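The values are calculated or read from the model by the stated rules, or taken from the named source; none is laboratory data. These figures come from a predicted structure and were not determined experimentally. Here Cβ is always computed from backbone atoms with ideal geometry, including for glycine, and neighbour counts include all displayed protein chains. Just so you know, the surface numbers come from the protein's heavy atoms only, side chains and all, with ligands and any DNA or RNA stripped out. Shrake-Rupley method; radii C 1.70, N 1.55, O 1.52, S 1.80 Å.
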Amino acid sequence: MKRFLTTVYGVVTAIAFSLGLVVAVLFVIALIVGQDLGETLALLAGDIMMWGIALAAIAVLAGLIYIYVTGSHSLVMERSPKSDKKDSSDSDA
């Protein structure tokens, strides 16, 4: 289950990131071209970005499920034994 969630997260995130890159390139081309073609490209980029946002939400959901399944979180600060010794010596002074 953990491996499946990690794979889903990685694949969906890569696709969403790639779509964001495509949208950025389309917007730059739309700015350069301008007029009717530029408007069409910008609207296409907006539609593509809607798919990218949906895929990013799916990736976040997979990441949250992974956190709950494993019971760990990468942003949790843990105290190391070295810091405990340093804190006790600082408080004695």
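May I ask you to list the residues in the stretch 42-75 that are more than 26 Å from LEU5 (Cβ to Cβ) and in contact with a Phe, Trp or Tyr (Cβ under 8 Å, 6 or more places away or on another chain)?
Within the stretch 42-75, ALA42, ALA45 meet the criteria.
With VAL12, VAL60 as the choices, which residue is modelled with pLDDT of 85 or more, of a type in the set (A, V, I, L, M) and open to solvent by less than 80 Å² (accessible area, probe 1.4 Å)?
Result: VAL12 is the single residue among VAL12, VAL60 that is modelled with pLDDT of 85 or more, of a type in the set (A, V, I, L, M) and open to solvent by less than 80 Å² (accessible area, probe 1.4 Å).
Restricting attention to the stretch 27-41, which residues are open to solvent by less than 30 Å² (accessible area, probe 1.4 Å) and assigned to a helix (DSSP H, G or I)?
Matches in the stretch 27-41: ALA30, GLY38.
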